[in-house]
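Some notes on the structure that comes next.
The values are calculated or read from the model by the stated rules, or taken from the named source; none is laboratory data. Computed from a predicted structure; not experimentally measured. Cβ atoms come from the backbone with ideal geometry, glycine included; neighbour counts cover every protein chain shown. The accessibility values were calculated without ligands, DNA or RNA, using every heavy atom of the protein model including side chains. Shrake-Rupley method; radii C 1.70, N 1.55, O 1.52, S 1.80 Å.
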Amino acid sequence: MADPTAQSLLADLARLAGVLGPAVRPVDTDRLLATITRSARQLFGARACSIALLTEDDSELVYTTASGEGEDDVTGMRLPSGTGIAGWVVMSGQPVAISDLESDARFARDVAEGTGYVPRAMLAVPVNDGDRVLGVMTLLDRDDGRPGAEQDMALLAVFADQTALTLRTERALGDLGRTLLATLARAAGDGTDLAAAADRAGDEVPPVSADLLELAGLFADLQRMGEAEHRLALRVVREVTAYAARRRPRAGR
Amino acid sequence: MRVPDVGVTREWAFAGATGRGVDVAVVDSGIDAAHPAVGEVAGGAALRWDRERQEIESVEGPHEDLFGHGTACAGIIRKAAPECRLLSVRVLGERLSGKGLVFAEGIRWAVRSGARVVNLSMSTGNEDLHSLLHDVADEAYFAGTVLVCAVNNVRAASYPSQYASVISVAANDATGPFDIDCNPHPPVEFGAPGIDLEVAWLGGGTIVATGNSFAAPHVAGLVARLLSKHPDLVPAEVKSVLRAVSRNALPVSAG
């Protein structure tokens, strides 16, 4: 094991990891999304909460995360994207709340297909990354003591924003991983050694990526903390988002 | 808020009116013409994005409601304006691709087919579509067509609901047929019933729904009713009348 070439390679890789920082730290998106759905379900006293995301060609909605009633059956479920309330929310970009579902057998059957759970009521809001719709977040059967659906839709939209932020972070890290691979391939191809590649990559990190990297690192730290910290972070992110929205020209009121 | 006492009352605006002779287009997921709450659908078109040809395909004539939402909106309009002529312009389909372009073309189709009122319970935040939709909204305005747009609850750019020429609507907690409110802090200009409403849905049934997208058709129906009684009003005047008959608009002369 005392192969000097291998040792040098390991040292170079360690340097690359140092340059890339949080990009090579594991950010468990699935776990973050699970935390978001679980927190939302608890806050609203709901029977179930799920996130469904559009596939790359936007032909299907894939239920990636679910918490509560029928969670095992819902997770992994795929439906054509033009289906039911979730489909309408994704297509129109408008949130909607529906109750008295049991009065419409056809609708209830659509919703309950494959889940075995027939809800009385649901809230559904789009998950938006800027002007792009990524999917839909759905809440089934809120606690009866909750305020009106109007207020809870606005609150659920905050969780949907958190979902979008998590997905954006994941994408940024994926892009970065590809950059890393490209750098390595280039280094191998033109005979540059990895140490030089690490130095070059360190110089080349663009400013936007650096911000996203730091954000990703913070989220990675945050996910290891408790629910109180999650709530605190949510409040801070919410404030910052509201402040940024107010500053943006043409951004609503 | 107060608005000038221009002598416009609910009586003047709506009494005895039914929406007769006014075409109202619902740009949405289609309308189920067989639903008892909807009644007759006088015409329309189904638009979709042809991915292979990279262009919009438009098929005039009857089509079904893919989601139920368009039917819900149509039922609300029918209730407010029982004798209006409903047109269904289906722009929502199975895919998101090309949605914005299809959306804009759907509004244009409605304007050019002579609709005086167009209900838009949807919007887009896509900056690339800002100028295209603005052009379409201007075309509607100068053609005398009133665009009634649901506001998105999310605080973000939303077109065409935030353009000055359209009537933007959010849900209030009222239930009466004339319970509209005027918001002194635009771009959201009006509030109308949109919380826990019993609305028509697929399969001939009803569900109870909440959302700004159900408040907009309420105003669209009232506008149809107004235009059936006062057909010469232009969109700017329609907006003034809606302000004057809002629940929170007190005549100046009242003190």
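Quick notes on this one:
- Check: chain B dipole with +1 on Lys, Arg Cβ and -1 on Asp, Glu Cβ, in debye: 460
- Between helix B:99-112 and chain B: long-axis angle, C-alpha atoms, 0 to 90°, nearest 10: 60
- On Cα atoms only, tilt of B:212-229 relative to the major axis of chain B in degrees: 70
- Acute angle (nearest 10 degrees) that the helix B:69-80 long axis makes with the longest principal axis of chain B, alpha-carbon atoms: 30
- Each of B:213, B:58, B:233 was scored by the projection of its Cα onto the charge dipole of region B:2-244, and the greatest displacement toward the positive side belongs to B:233; charges sit on the C-beta of Lys, Arg, Asp and Glu.
- Normalised contact order of region B:2-244, rounded percent, pairs of Cα under 8 Å and 6 or more residues apart: 25
- Accessible area of region B:2-244 belonging to carbon and sulfur atoms, whole % at 1.4 Å probe: 50
- Dimensions (Å) - chain B, Cα atoms, principal axes, largest first: 64, 39, 33
- Two-site FRET efficiency, residue A:215 against residue A:144, from Cβ-Cβ distance with R₀ of 45 Å, rounded to 0.05: 0.75
- Annotation: amide H-H contacts under 5 Å for residue A:127 (H modelled 1.01 Å from N, sequence separation of 5 or more, or interchain): A:134, A:135, A:136, A:137.
- Rg/Rh ratio calculated on Cα atoms of region B:55-189 (Kirkwood radius): 0.94
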